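In what follows, a structure is listed as structure tokens, so that the remarks can point back to it.
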Amino acid sequence: MAILFKSAWDDAGEWTRCIQAEEPELEVRVWPEVGEAADIEFALVWEPPPGDLKRYPNLKAIFSLAAGVDHILGDPELPEGVPIVRMVDQSLTAQMSEYAIYHVLRYHRNMHLYESFQRERRWEQLPLHRAQDRRVGMLGIGVLGQDAGRKLQALGFDVLGWRRAARPIDGIETFHGPDGLTPFLNRTDILICLLPLTPATRGILNAGTFAALPEGAFVINMARGGHLVEEDLIGALGSGQPGSGHLAGATLDVFREEPLPPDHPFWRHPKITVTPHIASLTDARSGAQDIIDNIRRLRAGTPVRNLVDPEIGY
Ligand code: NDP
């Protein structure tokens with residue numbers, strides 16, 4: 001039996017060591033050295049080539065190397081009926097929350113402005129706001145949104161969330177569905193996108209969404225580049241000078257095209273902060289433990305954790 005590993009970004013050698021430390025009997029075949037296709041029982045992938053996964057007649061499960069599965073569900077020839085499992089991992093969750101907290105605090109404490117003041121040798125103190133007066137809206141409040149939201153609450157921020165289901169979340173005010181979106185946006189000073197990329201959420205960070213945020217709001221996209229209509233963000237940020245435009249700033253970790261092309265306007269925009277998809281990186285050791293645990297569950301016929309519903313796309 002073998003597990004196929006395919007990723008252009010993750011370290012195949014490290015993943016092989018970590019998987020075999022957990023399950024020495026499981027052979028790891030690193031794409032494209034796949035060998036006999038019938039040997040492949042499991043696939044662990046990031047952006048598998050379209051049509052590849054249907055080549056393995058004995059495939060029992062597809063594991064995503066990331067929390068999102070849009071890079072798998074985009075394959076129009078995905079084998080039918082094979083369960084898809086996403087990555088839910090404590091260290092990944094903690095890293096995502098660190099990123100969210102860092103950028104919320106940066107805007108909340110005007111650090112983005114002091115960075116430019118220093119370049120101009122300008123000594124100027126700006127007024128401070130109380131954390132409880134700053135409303136942080138989690139656009140998508142699942143595993144990652146709830147962890148970041150609770151940690152931001154612990155710092156005193158007024159946290160709210162938007163989700164698909166009409167289910168309350170203990171201690172966090174939530175809005176749901178298309179009807180809940182505008183009221184949620186109207187009350188959000190710092191918007192953090194932590195949605196999965198699905199047909200329903202693609203392009204959700206658009207001119208209408210930005211206009212529904214209060215003047216001077218900030219946007220942090222740490223989910224997927226496909227959520228953002230890039231031209232609409234440029235429009236909402238105005239000339240790029242402080243005080244111009246409806247939005248005060250944006251931090252982007254993910255992009256329509258990655259790596260972000262060198263001539264892309266985001267690189268030099270004074271109100272945009274760019275990071276190279278590093279909000280979190282999957283940890284091979286804990287990730288491998290999680291995958292092997294799920295493989296054992298599959299074999300034992302017990303419920304698998306973190307299964308994806310391909311119908312809704314996450
Ligand atoms: P979850 O599935 O746990 O949470 C997703 C949230 O989005 C849920 O609250 C869900 O609602 C909500 N949602 C989904 N579709 C809709 C919709 N149509 N309308 C309203 N709400 C919706 O995912 P995670 O928190 O684990 O991960 C979120 C995303 O973060 C990933 O899919 C990935 O894209 C991104 N990510 C980015 C990383 C990076 O390095 N930049 C790393 C890891 C993840 P409900 O609660 O009702 O189900």
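The values are calculated or read from the model by the stated rules, or taken from the named source; none is laboratory data. What you are looking at is a predicted structure, and each value in this text was computed from that prediction instead of being measured. Every residue, glycine among them, receives a Cβ derived from its backbone with ideal geometry; neighbour counts consider all protein chains shown.
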Would it be correct to say that Ala250 is under 18 Å from Leu197 (Cα atoms), within 16 Å of the ligand (Cβ to nearest atom) and surrounded by 22 or more Cβ atoms within 10 Å (Cβ to Cβ)? no
Identify, please: which residue in the stretch 66-77 is in contact with a Gly (Cβ under 9 Å, 6 or more places away or on another chain) and free of Cβ contacts under 8 Å to residues at least 60 places away in the same chain and is, among those, surrounded by the most Cβ atoms within 10 Å (Cβ to Cβ)? Asp75
Is it the case, given these coordinates, that Val159 is touching a Phe, Trp or Tyr at 6+ places or on another chain (Cβ under 6 Å) and not basic (Lys, Arg)? no
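From Phe63, Phe42, which residue is within 21 Å of the chain's Cα centre (by Cα), buried (at least 21 other Cβ atoms within 10 Å of the Cβ) and outside any helix (DSSP H, G or I)? Working first, answer last.
Values: Phe42 fails: within 21 Å of the chain's Cα centre (by Cα).
Testing whether each residue is within 21 Å of the chain's Cα centre (by Cα), buried (at least 21 other Cβ atoms within 10 Å of the Cβ) and outside any helix (DSSP H, G or I) leaves just Phe63.
Identify the residue in the stretch 272-284 that is crowded, with 17+ Cβ neighbours inside 10 Å and in contact (Cβ under 8 Å) with a residue 60 or more places away in the chain and, among all such residues, is nearest to Arg86 (Cα to Cα).
As a first pass, look at the stretch 272-284 and keep what is crowded, with 17+ Cβ neighbours inside 10 Å: 272-273, 277, 279-280, 282-284.
Among the residues that remain, those that are also in contact (Cβ under 8 Å) with a residue 60 or more places away in the chain are: 273, 279-280, 282-284.
Numbers: Thr273: 28, Ala279: 17, Ser280: 15, Thr282: 12, Asp283: 14, Ala284: 14 Å.
Per the stated criteria, the residue is Thr282.
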Please go through the stretch 285-314 and give me each residue that is surrounded by fewer than 12 Cβ atoms within 10 Å (Cβ to Cβ) and either of a type in the set (Val, Ile, Thr) or under 30 Å from Gly249 (Cβ atoms) (or both), ordered by number. Thr302, Ile312
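Is it the case, given these coordinates, that Gly149 is at pLDDT 95 or above and over 24 Å from Ala279 (Cβ atoms)? Spell out how you get there, then give the answer.
On the way: at pLDDT 95 or above: yes; over 24 Å from Ala279 (Cβ atoms): no.
In short, no.
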Would you mention how many residues in the stretch 126-144 are within 12 Å of the ligand (Cβ to nearest atom), farther than 17 Å from Phe184 by Cα and surrounded by fewer than 20 Cβ atoms within 10 Å (Cβ to Cβ)? 1
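How many residues, within the stretch 116-138, are basic (Lys, Arg) and more than 30 Å from Val159 (Cβ to Cβ)? Walk me through it before giving the result.
Let us first name the residues in the stretch 116-138 that are basic (Lys, Arg), namely 119, 121-122, 130, 134-135.
This time we only want the ones that are more than 30 Å from Val159 (Cβ to Cβ), so: 119, 121-122.
Looking only at that region, the number is 3.
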Does the stretch 45-60 hold any residues that are surrounded by fewer than 22 Cβ atoms within 10 Å (Cβ to Cβ) and either within 16 Å of the ligand (Cβ to nearest atom) or outside any loop (DSSP other than H, G, I, E, B) (or both), and which are they? Trp46, Glu47, Lys54, Arg55
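Listed residues Leu105, Leu92, Leu113; which is assigned to a helix (DSSP H, G or I) and within 13 Å of the ligand (Cβ to nearest atom)?
Details: Leu105 fails: within 13 Å of the ligand (Cβ to nearest atom); Leu113 fails: within 13 Å of the ligand (Cβ to nearest atom).
Every option except Leu92 fails the conditions.
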Among strands (runs of 3 or more DSSP E) lying entirely in the stretch 149-237, which contain 3 or more residues that are under 29 Å from Phe266 (Cα atoms) and within 12 Å of the ligand (Cβ to nearest atom)? 158-163
Pairs where the first residue, in the stretch 81-109, is closer than 15 Å to Thr275 by Cβ and among the β-branched types (Val, Ile, Thr) and the second is modelled with pLDDT of 95 or more and within 16 Å of the ligand (Cβ to nearest atom), C-beta under 8 Å, 6+ apart: Ile101/Ala148; Ile101/Lys151; Ile101/Leu152; Val104/Val136; Val104/Leu152; Val104/Ile192; Val104/Ile220
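Here is a list: Gly226, Gly249. Which entry is within 17 Å of the chain's Cα centre (by Cα), in the same structural domain as Leu197 (by TED's automatic domain parsing) and touching a residue at least 60 places away in the same chain (Cβ under 8 Å)? Break it down into steps so the answer makes sense when it comes.
Working: Gly249 fails: within 17 Å of the chain's Cα centre (by Cα).
From the options Gly226, Gly249, the qualifying one is Gly226.
Table: residues versus (1) in contact with a Pro (Cβ under 9 Å, 6 or more places away or on another chain); (2) within 21 Å of Gly145 (Cα to Cα).
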| site | (1), (2) |
| --- | --- |
| Met222 | no, yes |
| Gly225 | no, yes |
| Asp232 | no, no |
| Gly235 | no, no |
| Asp253 | yes, yes |
| Arg256 | no, no |
| Asp263 | no, no |
| His277 | yes, yes |
| Ile295 | no, no |
